[in-house]
Amino acid sequence: MAIDIKKRGIDASKLTKGGVSYQKEASKEVVKKELAEERVALEEERMYRKGVASIKDLIAPASMKVEPSFVRLGDVFVRTLFIVTYPRYVSVGWASPIINLSTQLDIAMFFYPIKADVILKELKRKVGVLEAQISMDAEAGKPRDPVAETALRDVEQLRDDLTQGLEHFFQFGFYCTFYSNDPAELERLTREVETTFGQMLIYTKRAYYQSEQGFNSTMPLGNDELMITFNMSTSPIASSFPFTSAELTSDNGILYGVNRHNNSLIIFDRFSLQNANAVIFATSGAGKSYAVKLEILRSLMLGTEIIVIDPEMEYKHLSDAVGGTYINISLASTAKINPFDLPRPVGEQISTEDIIRSAVIILKGLLRLMLGTLTTEEDSILDRALLETYAKKDIVAGADLAQVEPPILRDFQDILEGMEGTQDLVIRMKKYTEGTFSGLINSPTTVNMDNILVIFSVRDLEDELRPIAIYTIINYIWNVVRSNRRKRILVIDEAWWLMQHEDSAKFVFALVKRCRKYYLGVTTITQDVNDFLTSPYGQAIVTNSSLQLLLRQSPASIDLIAKTFLLTQSEKYLLLESGRGEGIFFAGQKHAAIQIVASYGEDQIVTTDPKQLLQIEQAKKEFDEALGTGNTGDGKPPDAPGIG
């Protein structure tokens, strides 16, 4: 250590001939003093760090107990399995059933390359042994041994591939570690994994008396403490890669989005599934209406007819862009739907009596929404009154439905007024025939659905009337669908409105169950997941929908969503952290993470962002003013801004 004498207060000019020894003594004293100060500082730092929590303190378990077949980390039980033998052939992605288990697990794979000359020498010896055995069996007159012949062909093929550099040789270790809070559940999970591997002729063992080494081997440290390997060449090792993703690409159908796992396209035809029904769950602003509009726009190009129930006038811009029919249902609107309309089934052997009976049942559900709770006596009276109302218009068994005029709500009230014990029912009914709500359903049908895209808007209706109006609209659509069978999709936006009432929920469920026979697919959209899924009919609708799209979810509903759709923990986090237009797409038994994508032109048509819509309107206005006409004729600005 170099000592500056001047800094220590020693005048070098006053040193005598014996000052050299004096200088050495002074240096020793200074060094001792500095070492003592350094020891004090180190001790103080050590005491300080002893009271500071480190990252190791945060992630380390409270305790660790090593048992013969598992390790206990606090309250968590950990067990490791390793693979000892494989069959002659393994399929690509054979580990996917284990990866897709709804449980927490760690997988470790270790690859130890072996030099080719070492393996070729061993293979040469193996070929000699096999050829000698086959030759000896032939000389002894024994029947040919297919096992030995197959082994010889495999060894010779491997020798050729190694010599040409097409294959490389490895020792391969595969370990998987499972976690559970219950030892019984850990045992059940272990047996399930062993059975799954056993079905593929893959033999596994538990790490008995090596449970700690097994746990350490699957930690993200890269340490193989088990060292249990199996000889493999490049090809079978490539098939061992476990992280495969579901492919949802088919030759027919429309583009739903991009697979976020592998960037492949999700192209699917919903009518190729068991049924063409779909459910979409998402929070407000997650992009559910955007996704549905894209599906509508792309389905229209394939000739599919689309019918939409629009609660917030979000589909008006889409309707104008493609020349659809937009029907606004309100108390003051000229568009009316008569709930007493009957279907005209084509090509079916259905009697008029059955059609009338079905109509009466549906109308009773509507009347419960209108009149509230009904007693058993009132229900019987309404049943008889509905039959008499149809009979008054000569709609009875054997009548030609194409030649009759259906009654309206006022006719039904007239029948009720002529019956005994109906005073209270008539009073409640007058609100819809003579009172405030008389402009809704007390009129013959005036709407027309002769278009490839028909949208019914209920935005201008009060909340009290929305379930009644939507119920009536769906019933009318159902009658049209049964009268003329075509490839159609019915979109019910904000379907939770109907789940609030048992009769309307029951009606939608019946529609979802029966629509497949009439070439119809029903899409139900909701942001109120709890109200929808807590209804028994909501659960049944999900079960009867082969297509499901989950976008971003709220923390309040994620547990119910995970329970309903059997989501893993990582899939739950994916839905909580997804951006707009991101989620999980289910099609039959397959599902994949999806990103909804649109072209610039599609985005301009289907966007629901108010800021972007305002920009489009402003660009259109400026374009019209530049032309000096105030109207372009096609309603489309040439360079409207958008998010792309």
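Readers should treat all values here as calculations from the given coordinates under stated rules, not as data from a laboratory. Treat the numbers as computed from the prediction; the structure is a model and nothing was measured. All Cβ positions, even for glycine, are placed from backbone atoms using ideal geometry, and neighbour counts span all protein chains on display.
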Task: Whole-number percent relative contact order across region 64-239, with pairs defined as alpha carbons under 8 Å at least 6 apart - done: 43 percent
- [ ] May I ask you to sort 193, 92 by Cβ crowding, counting other Cβ atoms within 10 Å and putting the fewest first?
- [x] 92, 193
Task: Between region 497-532 and region 429-466, the alpha-carbon center distance in angstrom - done: 20 Å
Open item on the list: On a full-extension model of 0.36 nm per residue, what is the gain between residue 443 and residue 431, subtracting their alpha-carbon distance, rounded to one decimal in nm?
Closed with: 2.9 nm
Task: Kirkwood-Stokes translational diffusion coefficient of region 64-239, alpha-carbon pairs, 25 °C, 0.890 mPa s, µm²/s - done: 133 µm²/s
Task: Spin-label pair residue 199/residue 132, simplified geometry with 7 Å Cα→Cβ offset, distance in nm - done: 4.4 nm
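In square nanometres and to one decimal, what's the mean projected area of the convex hull around the Cα atoms of region 198-292?
Computing the convex hull of the Cα atoms and averaging its projections yields 11.6 nm².
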- [ ] Compute the relative contact order of the chain as a whole-number percentage, counting only Cα pairs closer than 8 Å that sit 6 or more residues apart in sequence.
- [x] 16 percent
Open item on the list: Please list, in order along region 261-276, the HN-Hα scalar couplings obtained from phi with the Karplus expression 6.51 cos²θ - 1.76 cosθ + 1.60 (θ = phi - 60°), rounded to whole Hz, x for Gly and Pro.
Closed with: 6, 9, 6, 7, 8, 9, 10, 8, 10, 5, 7, 8, 8, 4, 9, 9
- [ ] Report the full-extension gain for the segment residue 208 to residue 580: residue separation times 0.36 nm, less the Cα-Cα distance, to one decimal in nm.
- [x] 129.1 nm
Task: 3J(HN,Hα) from dihedral phi, region 421-432, Karplus parametrisation 6.51/-1.76/1.60, rounded to Hz, x for glycine, proline - done: x, 10, 4, 5, 5, 5, 4, 5, 6, 5, 4, 9
Open item on the list: With the crude spin-label approximation of a point 7 Å out along Cα→Cβ, what separation in nm comes out for residue 510 versus residue 397?
Closed with: 2.0 nm
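Using the alpha carbons of the chain, what is the convex hull volume per residue in cubic angstrom, as a whole number?
379 Å³
If R0 is 35 Å, what FRET efficiency do you get for residue 335 and residue 376 from their C-beta distance, rounded to 0.05?
0.45
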Task: Fully extended contour minus Cα-Cα distance, from residue 500 to residue 618, at 0.36 nm per residue - done: 38.5 nm
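Taking neighbour Cβ counts within 10 Å as the exposure measure, how do 40, 542 sort from fewest upward? Spell out each step's value before the answer.
Numbers: 40 10, 542 18.
Listing 40, 542 from fewest to most nearby Cβ atoms yields 40, 542.
Order of 310, 145 from fewest to most other C-beta atoms within 10 Å?
Listed from fewest to most nearby Cβ atoms, that is 145, 310.
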- [ ] Compute the longest continuous run of the chain that contains no exposed chymotrypsin sites (Phe, Trp or Tyr not before Pro); treat a site as exposed when its DSSP state is not H, G, I, E or B and it has at most 13 other Cβ atoms within 10 Å.
- [x] 244-644
- [ ] Please work out the FRET efficiency for the pair residue 322 and residue 124, using the Cβ-Cβ distance as r and a Förster radius of 60 Å; give the result to the nearest 0.05.
- [x] 0.25
TODO: For region 109-161 and region 288-339, compute the distance between their C-alpha centroids and round to whole Å.
DONE: 69 Å
TODO: Would you kindly derive the ³J(HN,Hα) couplings of region 607-615 from the backbone phi angles with the Karplus curve 6.51 cos²θ - 1.76 cosθ + 1.60 (θ = phi - 60°), listing them in order in whole Hz, with x for Gly and Pro?
DONE: 4, 10, 6, x, 5, 5, 4, 5, 5
- [ ] Can you find, among 358, 381, 441, the residue farthest towards the positive end of the dipole of region 340-444? Put +1 on the C-beta of Lys and Arg, -1 on that of Asp and Glu.
- [x] 441
